[in-house]
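For reference, the structure is listed below as structure tokens.
Throughout, read-outs are computed from the coordinates displayed, never taken from laboratory work. Keep in mind that this is a model prediction, so the values were computed, not measured. Cβ: placed from backbone, ideal geometry, glycine included. Neighbour counts: every protein chain shown.
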Amino acid sequence: MTPVNVGLKTQILPAGEAAVAAAARILRAGGLVAFPTETVYGLGADATNPAAIARLYQAKGRPAFNPLIAHVGDIEAAQAIARFDASAAALAAAFWPGPLTLVLPKTSDCPVADLATAGLETIAIRIPAHAIARDILRAFGGPVVAPSANLSGHVSPTTAAHVQADLAGRIDLIVDGGPVEVGVESTIVGCFEQPMLLRPGGLPRADIERLLGRALAQLPEDAKGDTSQPLAPGMLASHYAPHTRVRLDARRVEAGEALLAFGPDALPGVDAGTAVMNLSLRGDLDEAAANLFGYLRALDAKGARTIAVMAVPHHGLGEAINDRLRRAAVERE
Ligand code: TXA
Ligand code: MG
């Protein structure tokens, strides 16, 4: 396996037994495999192999201070990696497998390489719900670190074609399981003294708060842009970004703009030449989440001056959608 991830031959296999066997073989050899989860496609590497993890950071162009999520197949595997307090155990029992990541203290003999946790004493873990992801984890038999399978700073991939567009030639295998179900990344909860919402995502906050019987603590505003203290470095202001400028809360469309719409209402300013994609014509937030990243990519390719985005309600998956849109709208140089 070459140390530099450029010019690799990237195999693409349809989800199935052959793909699962190939994925496990490549992971064991220290290679990189993109595979579907219920949230977004992940780029997997053997969590115990520092060389494989170094290769993964390099393939994504990801700063090595940004730690990774360890994906495991069952709760026993999770307990070998991290210590669960009562609320962590309750959250795991209620929502795993599923779109929830828990940040927990590492066990003293945690097998995950330090490079994957960026030297933190904590580790992010989840058990994905996607059948193919689970088959790969079972066949491989160990923890797999998997960030979203996009170039760092790009929009997360919700289809194998998105992965291919970003990472072909940089990774060994893409397992094509079709479009994902949820469409936004997992919700991240830090199981600190008080459980804290580190990233809104595919599991609505209200479900978590109902289970815990109390409100989640919030990440302090001033911690969000701080790259030196990565509580949840995915909270870096500019992230999940298309190349085109993004303008939020649009109430009309200006000349030269594309429109990311939500709901049945028409906006003034739209004409036959406007590129329009509607996240959900019937105003369904789950449908909108599933469409979000694909539509951002599609509108990004239209060459518009700006992507104008209609307001999206903030409840349910709306919180995660608005979080990703806000990041996409941060001005970059
Ligand atoms: O849905 C998902 O979570 C997808 C799929 C592939 O599982 N994965 C994903 O990974 O979104 P990634 O690497 O794109 O985002 C993981 C986030 C990052 O913002 C990272 O900073 C944060 O988790 N994170 C990882 N370990 C952490 C830790 N110990 N403490 C705080 N945040 C952590
Ligand atoms: Mg990501």
Review point. Relative to the first principal axis of the alpha-carbon coordinates of the chain, what is the inclination of helix 17-28, with its axis defined by its Cα atoms, in degrees from 0 to 90 and to the nearest 10?
Key: 70 degrees
Review point. Taking the Cα centre of each part, how many Å lie between region 33-86 and region 187-214?
Key: 20 Å
**Study point:** Exposure proxy ranking, count of Cβ atoms within 10 Å, fewest first, for Phe84, Phe65
**Key:** Phe65, Phe84
**Study point:** Globularity index of the chain, i.e. its alpha-carbon radius of gyration over 2.2 N^0.38 Å
**Key:** 0.97
Review point. Against the longest alpha carbon principal axis of the chain, how many degrees, from 0 to 90 and to the nearest 10, is the axis of helix 285-300 turned?
Key: 80 degrees
Review point. Taking the Cα centre of the chain as the origin and placing charges on Cβ (Lys, Arg +1; Asp, Glu -1), which of Val270, His130, Ala206 is farthest toward the positive end of the dipole?
Key: Val270
Exercise for review: Normalising by the residue count of region 245-328, find the relative contact order in percent from Cα pairs under 8 Å and 6+ residues apart.
Suggested key: 40 percent
Practice item. Could you please tell me the mean projected area of the C-alpha convex hull for region 245-328, averaged over all directions and given in square nanometres to one decimal? Key: 4.7 nm²
Study note, to complete from the structure: Expected sort for Glu121, Glu181 with the fewest Cβ neighbours (10 Å cutoff) up front is Glu121, Glu181
Practice item. Neighbouring Cβ atoms within 10 Å as the yardstick, rank Lys9, Lys60, Lys106, Lys302 fewest first. Key: Lys9, Lys302, Lys106, Lys60
Check your understanding: Within the chain, how many Lys pairs sit with Cα atoms under 30 Å apart, leaving out pairs fewer than 8 places apart on the same chain?
Key -> 6
**Study point:** Assigned charges on the beta-carbon of Lys, Arg, Asp, Glu; the chain dipole about Cα centre (debye)
**Key:** 560 debye
Review point. Which angle between 0 and 90 degrees, to the nearest 10, do you get for helix 131-140 versus the longest principal axis of the chain when only C-alpha atoms count?
Key: 30 degrees
Practice item. Sum -39500 (n - 2.57) across every DSSP H segment of at least 4 residues in the chain, then divide by the residue count to get the 222 nm mean residue ellipticity, nearest 500. Key: -8500 deg cm²/dmol
